[in-house]
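First comes the structure, then the notes that go with it.
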Amino acid sequence: MGLVTEFKEFIARGNVIDLAVGVIIGASFGKIVTSLVEQVVMPPIGLALGRVDFSNLEWVLVPENPATAEIEKVAIQYGAFINTVIQFLIVAVVIFLMVKLVNKMRREQAAAPEAPAAPTPTEALLAEIRDELKARP
(Lines give C-alpha, C1' and ligand atoms only; values in the text may rest on other atoms or scores of the structure.)
Protein backbone atom coordinates (compact mmCIF):
# COMPACT_ATOMS: atom_id res chain seq x y z
CA MET A 1 0.00 0.00 0.00
CA GLY A 2 2.95 2.35 0.64
CA LEU A 3 4.07 2.22 -3.00
CA VAL A 4 0.64 3.33 -4.22
CA THR A 5 0.60 6.20 -1.72
CA GLU A 6 4.07 7.34 -2.78
CA PHE A 7 3.02 7.19 -6.43
CA LYS A 8 -0.08 9.32 -5.71
CA GLU A 9 2.09 11.89 -3.91
CA PHE A 10 4.54 11.91 -6.82
CA ILE A 11 1.78 12.49 -9.38
CA ALA A 12 0.07 15.12 -7.23
CA ARG A 13 3.20 17.30 -7.11
CA GLY A 14 2.81 20.50 -9.10
CA ASN A 15 6.02 20.12 -11.08
CA VAL A 16 5.01 16.72 -12.48
CA ILE A 17 1.67 18.08 -13.63
CA ASP A 18 3.37 21.18 -15.08
CA LEU A 19 5.76 18.91 -16.96
CA ALA A 20 2.87 16.87 -18.37
CA VAL A 21 1.10 20.02 -19.51
CA GLY A 22 4.34 21.24 -21.10
CA VAL A 23 4.81 17.99 -22.99
CA ILE A 24 1.24 18.06 -24.31
CA ILE A 25 1.50 21.70 -25.37
CA GLY A 26 4.92 21.01 -26.91
CA ALA A 27 3.53 18.13 -28.98
CA SER A 28 0.67 20.31 -30.20
CA PHE A 29 3.10 23.13 -30.97
CA GLY A 30 5.21 20.66 -32.96
CA LYS A 31 2.20 19.80 -35.11
CA ILE A 32 1.52 23.49 -35.70
CA VAL A 33 5.13 24.09 -36.73
CA THR A 34 5.08 21.05 -39.04
CA SER A 35 1.95 22.36 -40.72
CA LEU A 36 3.43 25.86 -40.95
CA VAL A 37 6.60 24.61 -42.63
CA GLU A 38 5.03 22.07 -44.99
CA GLN A 39 1.94 24.05 -45.99
CA VAL A 40 2.91 27.71 -45.64
CA VAL A 41 6.69 28.22 -45.72
CA MET A 42 7.92 25.58 -48.18
CA PRO A 43 5.43 26.09 -51.06
CA PRO A 44 6.56 29.69 -51.76
CA ILE A 45 10.21 28.65 -51.40
CA GLY A 46 9.62 25.76 -53.79
CA LEU A 47 7.84 28.08 -56.22
CA ALA A 48 10.69 30.58 -56.10
CA LEU A 49 13.14 27.76 -56.83
CA GLY A 50 11.26 26.60 -59.92
CA ARG A 51 8.26 24.69 -58.56
CA VAL A 52 10.30 22.32 -56.41
CA ASP A 53 8.36 20.18 -53.92
CA PHE A 54 10.87 19.66 -51.13
CA SER A 55 9.00 16.72 -49.61
CA ASN A 56 9.65 14.73 -52.81
CA LEU A 57 13.36 15.52 -53.16
CA GLU A 58 15.46 12.38 -52.82
CA TRP A 59 18.60 10.65 -54.02
CA VAL A 60 17.71 7.21 -55.29
CA LEU A 61 20.38 4.68 -54.36
CA VAL A 62 18.57 1.60 -55.66
CA PRO A 63 15.70 2.22 -58.08
CA GLU A 64 12.49 0.29 -57.78
CA ASN A 65 12.19 -2.56 -60.27
CA PRO A 66 8.56 -2.82 -61.44
CA ALA A 67 9.25 -6.14 -63.18
CA THR A 68 10.06 -7.83 -59.89
CA ALA A 69 8.20 -6.72 -56.83
CA GLU A 70 11.05 -7.98 -54.65
CA ILE A 71 13.28 -4.92 -55.07
CA GLU A 72 12.01 -1.80 -53.32
CA LYS A 73 13.38 1.65 -53.94
CA VAL A 74 16.12 2.76 -51.56
CA ALA A 75 16.50 6.53 -51.37
CA ILE A 76 17.89 9.29 -49.21
CA GLN A 77 15.04 11.74 -48.74
CA TYR A 78 16.94 14.97 -48.26
CA GLY A 79 13.85 17.09 -49.00
CA ALA A 80 12.15 15.80 -45.86
CA PHE A 81 15.37 16.54 -43.99
CA ILE A 82 15.33 20.14 -45.26
CA ASN A 83 11.73 20.48 -44.01
CA THR A 84 12.75 19.11 -40.61
CA VAL A 85 15.69 21.53 -40.35
CA ILE A 86 13.40 24.46 -41.12
CA GLN A 87 10.92 23.21 -38.51
CA PHE A 88 13.74 23.05 -35.97
CA LEU A 89 14.85 26.59 -36.80
CA ILE A 90 11.32 27.92 -36.36
CA VAL A 91 10.97 26.17 -33.00
CA ALA A 92 14.39 27.43 -31.92
CA VAL A 93 13.50 31.03 -32.82
CA VAL A 94 10.16 30.84 -30.99
CA ILE A 95 11.79 29.36 -27.88
CA PHE A 96 14.55 31.98 -28.02
CA LEU A 97 11.95 34.76 -28.17
CA MET A 98 9.97 33.24 -25.30
CA VAL A 99 13.07 32.92 -23.10
CA LYS A 100 14.10 36.46 -24.01
CA LEU A 101 10.65 37.75 -22.98
CA VAL A 102 10.70 35.85 -19.68
CA ASN A 103 14.23 37.10 -18.91
CA LYS A 104 13.15 40.68 -19.68
CA MET A 105 10.18 40.37 -17.33
CA ARG A 106 12.43 38.94 -14.58
CA ARG A 107 14.93 41.78 -15.02
CA GLU A 108 12.11 44.34 -14.77
CA GLN A 109 10.84 42.71 -11.57
CA ALA A 110 14.34 42.65 -10.09
CA ALA A 111 14.96 46.29 -11.04
CA ALA A 112 11.71 47.54 -9.50
CA PRO A 113 12.56 49.16 -6.18
CA GLU A 114 10.87 47.69 -3.17
CA ALA A 115 8.67 49.94 -1.07
CA PRO A 116 10.31 50.88 2.20
CA ALA A 117 9.26 48.63 5.02
CA ALA A 118 6.80 50.06 7.51
CA PRO A 119 8.34 50.78 10.89
CA THR A 120 7.86 48.18 13.55
CA PRO A 121 5.68 49.09 16.55
CA THR A 122 8.82 49.58 18.63
CA GLU A 123 10.33 51.94 16.05
CA ALA A 124 7.07 53.91 15.83
CA LEU A 125 6.95 54.27 19.62
CA LEU A 126 10.58 55.41 19.73
CA ALA A 127 9.86 57.96 16.98
CA GLU A 128 6.94 59.33 19.03
CA ILE A 129 9.15 59.59 22.11
CA ARG A 130 11.84 61.38 20.08
CA ASP A 131 9.31 63.82 18.66
CA GLU A 132 7.94 64.51 22.19
CA LEU A 133 11.44 65.14 23.49
CA LYS A 134 12.16 67.56 20.62
CA ALA A 135 8.92 69.44 21.29
CA ARG A 136 9.86 70.16 24.97
CA PRO A 137 11.46 73.52 25.74
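Key figures
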| read-out | value |
| --- | --- |
| Net dipole in debye of the chain [+1 Lys, Arg Cβ; -1 Asp, Glu Cβ; about Cα centre; nearest 20] | 500 |
| Prolate/oblate/rounded label for the stretch 19-74 (Cα gyration tensor, a/c 1.5) | oblate |
| Low-density loop cleavage sites - trypsin sites (Lys or Arg not before Pro) in the stretch 71-137, where at most 11 other Cβ are within 10 Å (DSSP) | Lys73 |
| Identified option (computed Kirkwood radius over Cα pairs in Å; candidates (i) 22.5; (ii) 15.3; (iii) 23.3) | (i) |
| The chain: calculated mean residue ellipticity at 222 nm from DSSP helix runs of at least 4, using -39500 (n - 2.57) | -22000 deg cm²/dmol |
| Distance between the stretch 18-48 and the stretch 87-137 - C-alpha centres, whole angstrom | 40 |
| Listed residue (Leu47, Phe81, Ala135) projecting farthest to the positive dipole end of the chain, Cβ model | Ala135 |
| Carbon/sulfur fraction of accessible area - the chain, other protein chains in place, 1.4 Å, % | 67 |
| Within the stretch 51-97, GluC sites (Glu not before Pro) in DSSP loop having at most 13 other beta-carbon neighbours inside 10 Å | Glu64, Glu70, Glu72 |
| Theoretical gain in end-to-end length, Arg106 to Phe10 [0.36 nm per residue, Cα-Cα removed] | 31.6 nm |
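The values are calculated or read from the model by the stated rules, or taken from the named source; none is laboratory data. Being a predicted model, the structure only gives us computed values, none of them experimental. Every residue, glycine among them, receives a Cβ derived from its backbone with ideal geometry; neighbour counts consider all protein chains shown. The accessibility values were calculated without ligands, DNA or RNA, using every heavy atom of the protein model including side chains. Shrake-Rupley method; radii C 1.70, N 1.55, O 1.52, S 1.80 Å.
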